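Notes to accompany the following structure.
Laboratory data are not the source of any read-out in this text; all were calculated from the coordinates shown. What you are looking at is a predicted structure, and each value in this text was computed from that prediction instead of being measured. So basically every Cβ, Gly included, is an ideal-geometry build from the backbone, and we count neighbours across all protein chains shown.
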Amino acid sequence: MAQIDAFFKLMNDEGASDLHMMAGQQPVLRIRGDMERIKFKTMDDETLKQMLYEICPEDKIKIFEETGDMDFGYEIPGLARYRCNYFQQKYGIGAVFREIPSDILTVDQLGLPKVVAKLASLPKGLVLVTGPTGSGKSTTLAAILDECNKTRKDHILTIEDPIEFVHKSQQCVINHREVGTHTKTFTAALRGALREDPDIILVGELRDLETISLAMEASMTGHLVFGTLHTMNAMKTVDRVVEVFPANQQGQVRSTLADALKAVVSQTLFKRVDVKGRVAALEILICTPAVRNLIRESKTYQIPSVMQTGKKYGMQTLDDAIMAHLEKKRISAEDAYSNCIEKAKFAKFLKKNPVDFTEI
């Protein structure tokens, strides 16, 4: 048992999502979104480095010492997996660990809208799950893939950096590939994927033009492709995909994206006030013919209006999802206000005037 495993056990017991360890500071847990210090001694750079290197593969240590940044996955059987990031900072080494539960929760267990589970039945196309870091994108994608695994007879290929949720083959055959361990880059893995007879491809992160381009190509050639982006809502997701490309290609990209894109799920996590834990508010865009026309004609600013009128297809805006949680008293008015789009709708729920001077 590695020394650091005791911190992972504490993390699990406290229900923390992240563990921060930095030379010159006490360890810190992120619990329900808040940073809480652990009552433990401050470790110097050398002591912490020894603890962190104990669980790190040799080849990853070499990469870290050459570049100052590095990611890998670590697992404690029977407890959880951890996404590990090591970095150099002013006072020495630092690390952040994200807990990835061993048990994969279903769409129902997560309390997500039923249309999310239906995404698992799409025959082909591109589905994007977006949101800020730590918003639960991987958890939502894992639930959708789990639904695929139980209901389809296909080949699922995941490309991640590092591997997060590990799925056991059920109805489907599943292969997990880790960037840096099993393949050099997302791009190389996606190129290879088209020769590996996949039906469903999960791309952990659409980071650059080439990866986005290959993901769209795969979705247009009969594959169902899931990917993540760090965007805040459906409208900005469409704009971000297009804007990655040079200006002279954007017209063609809009046309391709309009045909390829099937759905965008954008989510934000909130701290619950009724029970311990957190809850996700989801914005859901389903690409109906009306949405496809808006994407082709570069009228993405009209997408929120289409979502308002497209509730029968399972669409919902982020503000509607937040309002539903607020009315059921699951989240605080302050959190709702700070994360919503149309501030005026939520200001009336505040006990005090808002303090965000940027909204004046």
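One table, with the values for the structure above:
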| read-out | value |
| --- | --- |
| About the Cα centre, charge dipole magnitude for the chain (Lys/Arg +1, Asp/Glu -1 at Cβ), debye | 1400 debye |
| Proximal aspartates and glutamates relative to LYS271, as straight alpha-carbon distance under 13 Å, when same-chain residues fewer than 8 apart are discounted | ASP34, GLU334, ASP335 |
| Three principal axis lengths of region 128-167 [C-alpha, angstrom, descending] | 32, 18, 16 |
| More than 28 angstrom apart: percent of Cα pairs within region 107-347 | 30 percent |
| Trypsin sites (Lys or Arg not before Pro) lying in DSSP loop within region 148-248, provided at most 14 other Cβ fall within 10 Å | LYS153, LYS168, LYS184, ARG195 |
| Globularity index of region 272-360, i.e. its alpha-carbon radius of gyration over 2.2 N^0.38 Å | 1.26 |
| DSSP-assigned coil residues among trypsin sites (Lys or Arg not before Pro) in region 1-75, each with at most 11 further Cβ atoms within 10 Å | LYS39, LYS41 |
| Over 29 Å (Cα to Cα) - which of LYS150/LYS262; LYS9/LYS153; LYS49/LYS236; LYS90/LYS276; LYS9/LYS150 fall in this group | LYS9/LYS153; LYS49/LYS236; LYS90/LYS276; LYS9/LYS150 |
| Hydrodynamic radius (Kirkwood) for region 1-132, which is based on Cα pairs only, to one decimal in Å | 16.7 Å |
| Coil-residue GluC sites (Glu not before Pro) of region 273-360, DSSP, other Cβ within 10 Å capped at 16 | GLU297, GLU342 |
| Helix-only mean residue ellipticity at 222 nm for the chain, each DSSP H run of n ≥ 4 adding -39500 (n - 2.57), per residue, nearest 500 | -10000 deg cm²/dmol |
| Reach of LYS329 by Cα under 13 Å, taken over aspartates and glutamates that are not fewer than 8 positions away in the same chain | ASP274 |
| For ARG32, distant residues with modelled amide H under 5 Å away | SER17 |
| Integer Hz, Karplus 6.51/-1.76/1.60 couplings in order for region 142-147, x for Gly and Pro | 4, 5, 5, 5, 4, 5 |
| Eligible aspartates and glutamates near LYS311 by straight Cα distance, threshold 20 Å, same-chain separation 8 or greater | ASP108, GLU283, ASP319, ASP320, GLU327, GLU342 |
| Dipole of region 242-360 [Lys/Arg +1, Asp/Glu -1 at C-beta], most positive-end residue of ILE331, SER298, GLY251 | ILE331 |
| Placed amide H near HIS167: partners under 5 Å, 5+ positions off or other chain | none |
